[in-house]
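Read the structure below first, then the notes.
The values are calculated or read from the model by the stated rules, or taken from the named source; none is laboratory data. Computed from a predicted model, the values in this text were never measured in an experiment. Here Cβ is always computed from backbone atoms with ideal geometry, including for glycine, and neighbour counts include all displayed protein chains. Please note that ligands, DNA and RNA were not included when accessible areas were found on the heavy atoms of the full protein model with its side chains. Shrake-Rupley method; radii C 1.70, N 1.55, O 1.52, S 1.80 Å.
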Amino acid sequence: MNSTLLGIGMTSRRTRERMAKRLLEQGIRNNKVLDVMSRTPRHIFVDEALSSRAYEDTALPIGFNQTISQPYTVAKMTELLLEFGRPGKVLEIGTGCGYQTAILAQLVDHVYTVERILPLHKKAKDHLWSLRLKNISYLHSDGGWGWPEHAPYDGILVAAAPSEIPEMLLEQMAVGGVMIIPIGRGDRQELQRVFRTENGYEIEELEPVTFVPFLAGRE
Ligand code: SAH
């Protein structure tokens, strides 16, 4: 890896390991998730002016009124997705800067990621190529439609909050599949986990969360 990817000082490996230790203290238990997060450079996904803050447990701006999810949220959603086994195909809605995509790509077979804002979609691709992550397919689209061509998915992870679960995403889940999704408006949002069974869907209500809104159309 070159020095930009490895990081120095506030973007160094030691800073990343401190972040992983904090995640453990916050209740993240999946060692594979902790290991991947301690190895993946997060600072390359944010503007250089913010790179010294990349490992703080906070959401940071990535432009276009969007934010990179805070490390705890990325870790928690990934852990919830993986709890009952390693999913093969995962659909991610809301690529953003691509950090969550990078974590997922190291833990599942293939990630299909959808982003509605064109410049973010393009930038994320560049970041993820620089990490040489190749098991990712990218789509610039409204994620409310999912990505039907590659369905069904063993896992779906949604990084923006709709007021209810989009019908198309439910349809694109495999039987035995899991979806992690924040539901609600403004500061009244809740993380939910949906299981698709032989007979239908089961919804588990988890913790309160704050995500940017899930918006229709693309720009
Ligand atoms: N996991 C990302 C989070 C980015 S914020 C990261 O760590 O960077 C959520 C993203 O969801 C934003 O980029 C936003 O543009 C996108 N988004 C919101 N509604 C969407 C939709 N309907 N389809 C696709 N992307 C959407």
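Structural remarks
- Euclidean distance between Cα centres, the stretch 134-172 to the stretch 18-49, Å: 25
- Computed helical MRE - 222 nm, the chain, DSSP H runs ≥ 4 contributing -39500 (n - 2.57), nearest 500: -8000 deg cm²/dmol
- Surface share of carbon and sulfur [accessible, 1.4 angstrom probe, percent] for the stretch 141-219: 49
- Full-extension gain in nm, residue 167 to residue 52, via 0.36 nm per residue minus C-alpha separation: 37.4 nm
- Burial ranking of peptide ranges 155-166, 137-148 (average Cβ count within 10 Å, highest at the top): 155-166, 137-148
- The lysine pair tally for the chain, using Cα distances under 25 Å and a gap of 8 or more places or different chains, is 17.
- Averaged over its residues, the chain has an accessible area of 49 Å² per residue, based on protein heavy atoms and a 1.4 Å probe.
- Shape of the chain, Cα gyration tensor, a/c cut at 1.5: prolate
- For the stretch 1-122, the fraction of 1.4 Å probe accessible surface lying on carbon and sulfur atoms is 51 percent.
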